[in-house]
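This report refers to the structure that appears directly beneath it.
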Amino acid sequence: MLARIAQELFWLGRDMTRAEQTARMLDGAFHADVTGNSSDGGGGVTLSWAGVLAVIGAKPPVPGEEEREEEDAAERIPPAYLGRSEIAPLLTLDTESPASVVSCIARARERGRTLRDVISTEMWEALNSFYLSLGHYDLQAALLTGPYSVYQEVKERCALFWGLVERTMLRDEGRSFLEAGGRIEEADMVLRMLRVAIPAGDSEEERHEAEALALLQAVGGFQAYRRSVREVPDLRRVGRFMLYEGAYPGSVASSLEDLRAALETADAAPRSSPPVLRLGRMIADMELQRRTPEAIGSLSELLVRIQDELELVDHDIDERYFAIAALAAVHL
Amino acid sequence: MTMPTELLPIDGYTVPAGSVDELLEADGTPRPHVQALLETLQRLGPEALLEAGERRDTIFMQQGITFEVYTSDGARRDRPFPLDLVPRVLTAAEWTVIKRGLAQRIRALNHFVDDVYHAHEIVRAGIVPWSLIVSRPCFARPVHGVRAPGGVYTHVCGCDLVRGGDGLWRVLEDNVRTPSGISYVLENRLAMTRLMPELFAGHRVRPVDHYPSLLLEALRAVAPGVESEPTVVLWTPGPLNGAYFEHAFLAREMGIELVEATDLVVRDATVYMRTTAGLQRVHTIYRRLDDDFIDPLEFRPDSLLGVPGLIRAYRAGTVAIANAIGTGVADDKAIYHYVPEMIRFYLSEEPILENVPTYLLSDDKLRKMVLERLDELVVKPTSESGGKGVFIGPHSSAAELEEEKHLILADPERFIAQELVHLSTVPTETGDGRLSPRHVDLRPFAVFGDEIRIVPGGLTRVALKEGSMIVNSSQGGGSKDTWVLDDGEPGDFTPGTLPLRPPPRLPDIRYGGWHGQAQQQQQSAPPAADRLAGGEFPAPD
């Protein structure tokens, strides 16, 4: 398979998952926002808007800050006064902001157009009509009145896309790269959410229990948690669940497993493939950590370590499969 | 059965003077072969056509069968491809003539390309002047003396045909570089079967969907010396190209890689593509960009779309390129004039399809005649395509005539003049659901591998503006599905000629599935009386 095409497929998978996860998280934040305001005030506010921005790593919509592009993600956490009316549109509709749902889908559709000969016709039509439907919406109005329906549509259309991948796309190398992109993005997004929810050196666990709940709702894993853990969700249990639970498809562990499986299928020589080997080490390391009782502080350190490793995996993938295409681009 | 006189679905349908209509006789009655079609159209009425038109636009938008237009405020917008819902119908007899005529013409053009870059026999016989050939912008010096693998140069051809007021088919233009439009032929047929299935009733229309297999077969057939399965790729300039839809369509239908210049690399006079598993050899390239851009070492050095060293590999015979390099010399408008002579010279046959009468302006006597009759003729620049710079005498003002006269006198060799052909018309839906005559042309597509194969029909382009004869889609043209009726001519494969095969008898397959399944269904559905008596279901109050 052409290296350029493989890379496009990988990023198509990433864009689709990014759009879905962003929509889910915003939906969770809206939910938390509404319930927080209606009940006993501040205590109920769970997944804060500032937290959402920090997860995405997007800059707050403050004018005059354009020059400070390369800031650390932690510094980008906006002032607390930023709320729903600023952040939700920024992350949903803003075509200028690359992190918004609309931008993700527009990118995915452009990639789909380039890849029309590789992906199935039905997948392309799903992508194209997804993009067109976002254009038809009066999203601004929909966000103010019923954001639920907007995010529901995004979730459903993403599910349709992945369902069509499952049903209609040939299980070849290309499919593996698409899958790999989707899984690495999912692992990355969940790790980001966990890192925002479980800050380092924070001992006030109770304050974050409601946040843990919102987090679960945001990734759509609430029911899965209830059925799997059967204990009152607190931040630590939820963190462990989202990190280690191999039976839950959204957990970091199962994303990494799927990522490894996809790369093993795609690679002609998986036993000497750096990304596959690194993933193997990561998975083994996580299994070891799962069996070791730990304090909340060390969990947050672990999260940082896993995310750093994941970045290296991404780098390895780039080197091993796509670099040959990038080489040509440089020469021209 | 309704009487033919009641079969007029169109009030005030008047065929423009000088043209013939392909579906209706001069007095407005349907021609015999489309009786059933017009009956159906009449029964459906304008509302059905309008409604189907809306569905068509939605489906095309969703499938991305669109082209970009610039709106008045300068923004780019996608518009659905304008497919007219009334098909154009050709009889089997008409098609046989066209098919044979095109095959003959393409064979002659292929001989000509081979001759131009090798023996120059036609020049030595004094038929085509060498000075004219070498002065063509598409004449490719770098491939002089290079024989294409398999001896085929014009693998994919699309000649433009028109039908004049006398009802005869003529060739208006040859296109043996990178003709496009075949994807619309296939998509149009698919869309028509979905949108207007009623129209097909009572007609046996020859299928077109085998084109991708024909093309792939031909591209494989010309692959140079391969011991295993040859690798065929389709080379596109990229997603920004106007015909990208077609490139992706063909690559998908043929199941081959769609490559860009950055994906190809030449090592040791062999072409490779960059894959995730390293370099992989490429045997045949179906390229969809012009000679000028394909190799910056031999042609335009500023081309970013090209692959350096490609011509070296081509000369070494390690890769087949379709269409071959330098074929543009055969479809130049100044060479067009000589094609009937070529057919006589190379094939010793009389041309089946005629040219439109054409005058070379470098000849003094002809130029004088042309300048006198400029208001009746069509003048075209020799090395342009897509309807660019075409001057139509009868549609021009006095000032425009004067301007064209100066242009011709300044550089007579850049132009040719042709008699105006009154293009035939076909009923077309014009926005209100009613039918009016619109002018059409026809571009059939031929594939030349081991032999020449032509897909029945082709792309019918229609000028949607009343009276206009410019059918290019960049200038407000649409298209029509083109039917070739099957009335039992031997030699062409059609599904209708297959003998009916009764389905096999499978006595072990019973209605209701397997034994266990049936039992389970019985158990899980107790009789209604039990259900009400039992305590499982709360009885309604």
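The values are calculated or read from the model by the stated rules, or taken from the named source; none is laboratory data. All values reported here derive from a predicted model rather than from experimental measurement. We place every Cβ from the backbone using ideal geometry, glycine too, and count neighbours over all the protein chains shown.
List of remarks:
- In the range B:182-205, of all residues being small (Gly, Ala, Ser) and outside any helix (DSSP H, G or I), the one that is modelled with the highest pLDDT corresponds to B:ALA201.
- Among the candidates B:LEU168, B:LEU199, B:LEU132, the residue that is aliphatic (A, V, I, L, M) and touching an Asp or Glu at 6+ places or on another chain (Cβ under 8 Å) is uniquely B:LEU168.
- Once the range B:179-211 is narrowed to residues that are out of contact with any Leu (no Cβ under 7 Å at 6 or more places or on another chain) and of a type in the set (Ser, Thr, Tyr), the residue that is surrounded by the fewest Cβ atoms within 10 Å (Cβ to Cβ) is B:THR193.
- Residue, surrounded by the most Cβ atoms within 10 Å (Cβ to Cβ), within the range B:309-365, restricted to residues that are among the basic types (Lys, Arg) and at pLDDT 90 or above: B:ARG312
- If you go through the range A:267-299 and keep only what is in a helix (DSSP H, G or I), among the polar types (S, T, N, Q) and within 14 Å of chain B (Cβ to nearest Cβ), you end up with just A:SER272.
- Answer residue from the range A:102-121, given it is hydrophobic (A, V, I, L, M, F, W, C) and within 23 Å of the chain's Cα centre (by Cα) and is farthest from B:PRO239 (Cα to Cα) among those: A:VAL102
- Scanning the range A:1-30 for residues that are away from chain B (no Cβ under 14 Å) and among the small types (Gly, Ala, Ser) turns up A:GLY13, A:ALA19, A:ALA23, A:GLY28, A:ALA29.
Let's see how each residue does on (1) under 21 Å from B:THR460 (Cα atoms); (2) surrounded by fewer than 20 Cβ atoms within 10 Å (Cβ to Cβ); (3) out of contact with any Ser or Thr (no Cβ under 8 Å at 6 or more places or on another chain); (4) modelled with pLDDT under 90:
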position: B:GLU51; (1), (2), (3), (4): no, yes, yes, no
position: B:THR58; (1), (2), (3), (4): no, yes, yes, yes
position: B:GLN62; (1), (2), (3), (4): no, yes, no, yes
position: B:ARG76; (1), (2), (3), (4): no, yes, yes, yes
position: B:THR91; (1), (2), (3), (4): yes, yes, yes, no
position: B:ALA103; (1), (2), (3), (4): yes, yes, yes, no
position: B:ALA125; (1), (2), (3), (4): no, yes, yes, no
position: B:VAL128; (1), (2), (3), (4): no, no, yes, no
position: B:ARG141; (1), (2), (3), (4): no, yes, yes, yes
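- Within the range B:12-47, the set of residues being over 24 Å from B:GLY431 (Cβ atoms) and part of a helix (DSSP H, G or I) comprises B:PRO32, B:HIS33, B:GLN35, B:ALA36.
- If the condition is being surrounded by fewer than 21 Cβ atoms within 10 Å (Cβ to Cβ), within 14 Å of chain A (Cβ to nearest Cβ) and not in a loop (DSSP other than H, G, I, E, B), then the range B:274-304 contributes B:GLY278, B:LEU279, B:GLN280, B:ARG281, B:PHE293.
- Residue check for A:GLU264: surrounded by 14 or more Cβ atoms within 10 Å (Cβ to Cβ), within 14 Å of another protein chain (Cβ to nearest Cβ) and either more than 22 Å from A:ARG192 (Cβ to Cβ) or among the acidic types (Asp, Glu) (or both): yes
- Taken together, B:VAL471, B:VAL484, B:VAL390 contain a single residue that is surrounded by 24 or more Cβ atoms within 10 Å (Cβ to Cβ) and modelled with pLDDT under 85, which is B:VAL471.
Table: residues versus (1) of a type in the set (Gly, Ala, Ser); (2) assigned to a helix (DSSP H, G or I); (3) closer than 23 Å to B:GLU217 by Cα.
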| position | (1), (2), (3) |
| --- | --- |
| B:HIS111 | no, yes, yes |
| B:CYS138 | no, no, no |
| B:THR154 | no, no, yes |
| B:ASP166 | no, no, no |
| B:SER180 | yes, no, yes |
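- Subset of the range B:243-256 [within 14 Å of B:LEU216 (Cα to Cα) and within 7 Å of chain A (Cβ to nearest Cβ)]: B:ALA251, B:ARG252
- Positions within the range B:257-273 being more than 8 Å from chain A (Cβ to nearest Cβ) and in contact with a strand residue (DSSP E or B) (Cβ under 8 Å, 6 or more places away or on another chain), in sequence order: B:LEU264, B:VAL266, B:ARG267, B:THR270, B:VAL271, B:TYR272
- Among the residues of the range A:134-183, the ones that are of a type in the set (Gly, Ala, Ser) and over 16 Å from the mean Cα position of the chain (by Cα) come to 8 in all.
- Qualifying residue in the range B:220-238 (condition: without any contact (Cβ under 8 Å) to a residue 24 or more places away in the chain and within 14 Å of another protein chain (Cβ to nearest Cβ)): no
- Test for A:ARG278: is it at pLDDT 80 or above and crowded, with 17+ Cβ neighbours inside 10 Å: yes
- When residues of the range A:148-161 are limited to those that are under 13 Å from A:VAL101 (Cα atoms) and at pLDDT below 90, the one surrounded by the most Cβ atoms within 10 Å (Cβ to Cβ): A:TYR151
- Long-range neighbours under 9 Å by Cβ, at least six apart or interchain, first residue modelled with pLDDT of 90 or more within the range A:123-144, second small (Gly, Ala, Ser) and surrounded by fewer than 21 Cβ atoms within 10 Å (Cβ to Cβ): A:ALA126/A:GLY163; A:TYR131/A:ALA106
- Unmet requirement for A:PRO78, which otherwise passes all of (1) in contact with a helix residue (DSSP H, G or I) (Cβ under 8 Å, 6 or more places away or on another chain); (2) surrounded by fewer than 21 Cβ atoms within 10 Å (Cβ to Cβ); (3) at pLDDT 80 or above: (3)
- Residue match in the range B:331-344 (condition: under 30 Å from B:ARG312 (Cβ atoms) and touching a Phe, Trp or Tyr at 6+ places or on another chain (Cβ under 9 Å)): yes
- Positions within the range A:284-324 being crowded, with 17+ Cβ neighbours inside 10 Å and aliphatic (A, V, I, L, M), in sequence order: A:MET286, A:ILE296, A:LEU299, A:LEU302, A:LEU303, A:ILE306, A:LEU310, A:VAL313, A:ILE317, A:ILE324
- Only one of the listed residues (B:VAL233, B:VAL176, B:VAL208, B:VAL162) is at pLDDT 90 or above, within 16 Å of the chain's Cα centre (by Cα) and in a strand (DSSP E or B). That residue is B:VAL162.
- Any helices (runs of 4 or more DSSP H) falling wholly within the range A:96-185 and containing at least 1 residues that are of a type outside the set (S, T, N, Q) and within 27 Å of B:THR276 (Cα to Cα): A:101-114, A:121-136, A:147-168
- Note on the range A:165-187: residues that are within 12 Å of chain B (Cβ to nearest Cβ) and either in contact with a strand residue (DSSP E or B) (Cβ under 6 Å, 6 or more places away or on another chain) or polar (S, T, N, Q) (or both) amount to 1.
- Strands (runs of 3 or more DSSP E) contained entirely in the range B:366-481, each with at least 1 residues that are outside the structural domain of B:THR14 (by TED's automatic domain parsing) and among the aromatic types (Phe, Trp, Tyr): B:415-419, B:445-448
- Screening the candidates B:GLU372, B:GLU376, B:GLU404, B:GLU413 for the property of being surrounded by 15 or more Cβ atoms within 10 Å (Cβ to Cβ) and among the charged types (D, E, K, R) yields one hit, B:GLU404.
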